[in-house]
Every structure is written in C-alpha cells, then in structure tokens.
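As structure tokens, the structure follows; a few thoughts come after it.
The values are calculated or read from the model by the stated rules, or taken from the named source; none is laboratory data. These numbers come from a predicted model, not from an experiment. Quick reminder, even Gly has a Cβ in these numbers, built from the backbone with ideal geometry, and neighbours come from all protein chains shown. With ligands, DNA and RNA removed, areas are computed over all heavy atoms of the protein, side chains included. Shrake-Rupley method; radii C 1.70, N 1.55, O 1.52, S 1.80 Å.
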Amino acid sequence: MGTYSAGCLPNLVGRGASPSLIFRSKQNREDKTLNESKTWIFAATAAALVFVFLTEQVQATRLGYELGSARTAFKSRRDRVAYLRLELDKLQAPERLAHLAKSRLGMRPPAPESLIVLGNNVDRPLIIAEKPKRIVGFTLSRLID
C-alpha cells in the first residue's frame, strides 16, 4: 500500500502531521480511488447488461412480427389452395364435362350396335407370372437386400 522513504517522514512531521495520519490519508486516497474504480466497473457492467437485454427484446419483438406475418401469409395461401381445389373439382365434374361434350363438341353416346367387344377376360383364368430367377454375382439388388 503506502511505502515511504526515511527522508520523507521528517519533512512531513516538521509541518505538523504525524506519520500515522499521513499513512492513513494516503491509504484513504487509495481506498477512495479503488472504490471509484469498482463503481465505474459496476456501472459499465450494468450498462452492458442493459444494452444486451434491450437488444434481445428488440430482436424478440421483430421476430414476433415476422412470425405473425408468416402465419398470415400461410393462412392466405392455404385458403387460396382450398379455393383452387374446389374450382378444379367443379371444372372436372363428370356432369359438367358431359354437358360440354354434348353442347360444344356435339358428342353423343355411341349406339349399341356400333360397339365392338374385342375379348372377354372374365372367363379366362388368372395367370400369375413367375418370379425371375436371381442372378448370382455382384448386382445392385444384392446391395439393397
């Protein structure tokens, strides 16, 4: 803390100050400087923490707004997709297509005598094809199995 040379004390004592008072005043000044330093360090740390906290709050608010707008856009697009699906179902309805074929294209159902039946697969037995034999060797199917 405070170190004094031997020649310094007699000069101060000659002015009316005792050596213990001089030591205490120097120590008080050092303690005061140390306390001021601690106060500034505490204030700087507190200011940095407040800055970080406020920055995080601003970022959280901004992300909240972005999330809200993304949800709104998602709902809008989902509603648009639902509307377009309904529109597609309406346009592809068999009754509508039959009506358009008759009215615009002049199509009519075929007369029964104009139909030609090529074959009747109902009377034939179902034939199950054999599984191909495995080739022994290095093949991709061996890697997958």
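If you check Leu143, Leu86, which single one turns out to be out of contact with any Phe, Trp or Tyr (no Cβ under 7 Å at 6 or more places or on another chain), on the phi < 0 side of the Ramachandran plot, outside any loop (DSSP other than H, G, I, E, B) and at pLDDT below 90? Full working, then the answer.
On the way: Leu86 fails: at pLDDT below 90.
One residue alone meets the criteria, Leu143.
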Report, by residue number, each residue of the range 1-58 that is open to solvent by 60 Å² or more (accessible area, probe 1.4 Å), of a type outside the set (S, T, N, Q), modelled with pLDDT under 55 and part of a helix (DSSP H, G or I).
Pro10, Val13, Gly14, Leu21
